[in-house]
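One structure is given below, encoded as structure tokens.
The values are calculated or read from the model by the stated rules, or taken from the named source; none is laboratory data. Since this is a predicted model, take the numbers as computed values, not measurements. Virtual Cβ from ideal backbone geometry, glycine too; neighbours counted across all protein chains shown. Ligands, DNA and RNA are excluded from the accessible area calculation, which covers all protein heavy atoms including side chains. Shrake-Rupley method; radii C 1.70, N 1.55, O 1.52, S 1.80 Å.
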Amino acid sequence: MNRSAEIGGPPVDDPVGMTTGGGRRVAACRSREPVGRVGTVPEEATPSAAPSATPSAARGPSPGVTPPATPEGNAPDGTSFDEPESDARVPGWWGGLGLPGLIDLHVHFLPERMERRVWHHFAHGGPLMGNGWHIAYRWPVERRVERLRMMGVRTFPALAYAHKPGMASDLNAWTLEFARRTPGCLPSATFYPEPGVDGYVRRSLADGVKIFKVHLQVGGFDPRAPELDGVWGLLAEAGVPVVVHASSVPVPGGHVGAEPIGEVLRRHPALRVVIAHLGMPEYDPFFDLAARHERVMLDTTMAFTEFSELGMPFPDRLRPALLDLGLAGKVVLGSDFPTIPYPYVHQLDALERLDLGDAWLRAVCWDNGAAVIR
């Protein structure tokens, strides 16, 4: 695939090939000129809308290092963010690869009261969020589900995670019910080191859960906790993937880093772990885990976007490993929708600008995810 520049390269004014069909891309001009506020996704976007010119992606600072965002979408230091374009380009993007859509394994839906609190932390920052950031898709749940459908995200979970004892079981009941009433939503669940955790994880598996999520930074727990040893064994035997936020993004905290989850993997080598955010900013040790363990994968959530590249840039030396892991079925698409400060299409553009080839994009955006959730 022809690309005019890598992430973080010089401004590019020439269109790059993009169309809505015929195996080519929709023509889009990538300009780095700041034009407006982050997170403004046009409401008129539909799959049939004509592709628009492509401004560069939202140029927000990376998690953990941003100055506080202002209502105008500019940082206090004067950094401006490009106005997000229409998500109407997304079906043309995957259509040009010959895909039937997208499989995104890192999407969040939460009970309303919990979601309001989470969004408050994103908007205002805090000890677990750093300075936070603007949420581009701070919309009612029905509108978010419809936006995923419009973009052609065929399969996605409603990832939730517990941060204290006594909440995981109720969260699992909610996410299972949400999946039952929402076409395309994978049944998902979470867990926490507490009495009874083996029992409710067993029930979740019996209820058809296809993917789990734990957040070691927000949850503040050690994955090596004795209460969880049986759970990891159950999940390894079942072959069900667990999305694990194990790195120090947006800020360090909890039992993060490759060593705690790496020790769990040494005890349970058949465990199917999906490392969230590609392990940023600790890319190297998490890439090493993925290379050494047959069933460890990485998700692309927020990686390679200009928002993350400003403070947690992906090291060029790992590009060959990224290519090999993706083609080997060990990298999957993740987005963090809806809690992202740029339009969904920017994550896809960031993947394309890596210039790792159409086969790699097809593997990451569909094939690898399809294989892990069967």
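Residue count for region 325-335 under the criterion of being outside any helix (DSSP H, G or I) and surrounded by 23 or more Cβ atoms within 10 Å (Cβ to Cβ): the result is 6. Restricting attention to region 266-294, the residues being surrounded by fewer than 22 Cβ atoms within 10 Å (Cβ to Cβ) and over 17 Å from Phe314 (Cβ atoms) number 9. For region 336-354, the set of residues classified as touching a helix residue (DSSP H, G or I) at 6+ places or on another chain (Cβ under 9 Å), outside any helix (DSSP H, G or I) and either of a type in the set (Ser, Thr, Tyr) or more than 30 Å from His120 (Cβ to Cβ) (or both) consists of Thr339, Tyr342, Leu354, listed by residue number. Against the test of being closer than 23 Å to Met167 by Cα and either assigned to a strand (DSSP E or B) or open to solvent by less than 20 Å² (accessible area, probe 1.4 Å) (or both), the options Val256, Val243, Val249 yield a single qualifying residue, Val243. Screening Pro313 against (1) in contact (Cβ under 8 Å) with a residue 40 or more places away in the chain; (2) open to solvent by 10 Å² or more (accessible area, probe 1.4 Å); (3) part of a helix (DSSP H, G or I) leaves a single unmet condition, (3).
Within region 295-304, which residues are without any contact (Cβ under 8 Å) to a residue 60 or more places away in the chain and more than 12 Å from Leu325 (Cβ to Cβ)? Passing the criteria: Arg295, Ala303. Phe287 meets all of the listed conditions (1) closer than 20 Å to Cys365 by Cα; (2) within 15 Å of the chain's Cα centre (by Cα); (3) not aliphatic (A, V, I, L, M) but one, namely (2).
Only residues that are of a type outside the set (Phe, Trp, Tyr) and out of contact with any Asp or Glu (no Cβ under 9 Å at 6 or more places or on another chain): list them for region 304-318, please. Result: Ser308, Glu309, Leu310, Gly311, Met312, Pro313. Candidates are the residues of region 149-185 that are surrounded by fewer than 21 Cβ atoms within 10 Å (Cβ to Cβ) and in contact with a Pro (Cβ under 6 Å, 6 or more places away or on another chain); the one that is farthest from Val244 (Cα to Cα) is Met150. When the helices (runs of 4 or more DSSP H) confined to region 117-233 are screened for residues that are touching a residue at least 60 places away in the same chain (Cβ under 8 Å) and closer than 24 Å to Leu298 by Cα, those reaching at least 2 such residues are found at 141-151, 216-219.
Would you pick out the residues in region 172-203 that are closer than 23 Å to Val145 by Cα and among the small types (Gly, Ala, Ser)?
So the first thing to find is which residues in region 172-203 are closer than 23 Å to Val145 by Cα, and the list is 172-190.
Those that are closer than 23 Å to Val145 by Cα and among the small types (Gly, Ala, Ser): Ala173, Ala179, Gly184, Ser188, Ala189.
Could you tell me whether any residue of region 149-164 is over 20 Å from the mean Cα position of the chain (by Cα) and modelled with pLDDT under 95? Among the residues of region 149-164, at least one is over 20 Å from the mean Cα position of the chain (by Cα) and modelled with pLDDT under 95, which makes the answer yes. For first residues located in region 349-365 and within 20 Å of Thr155 (Cα to Cα), partners that are modelled with pLDDT under 95 and open to solvent by less than 20 Å² (accessible area, probe 1.4 Å) and lie 6+ apart or on another chain with Cβ distances below 8 Å form the pairs Asp349/Thr54; Asp349/Ala57.
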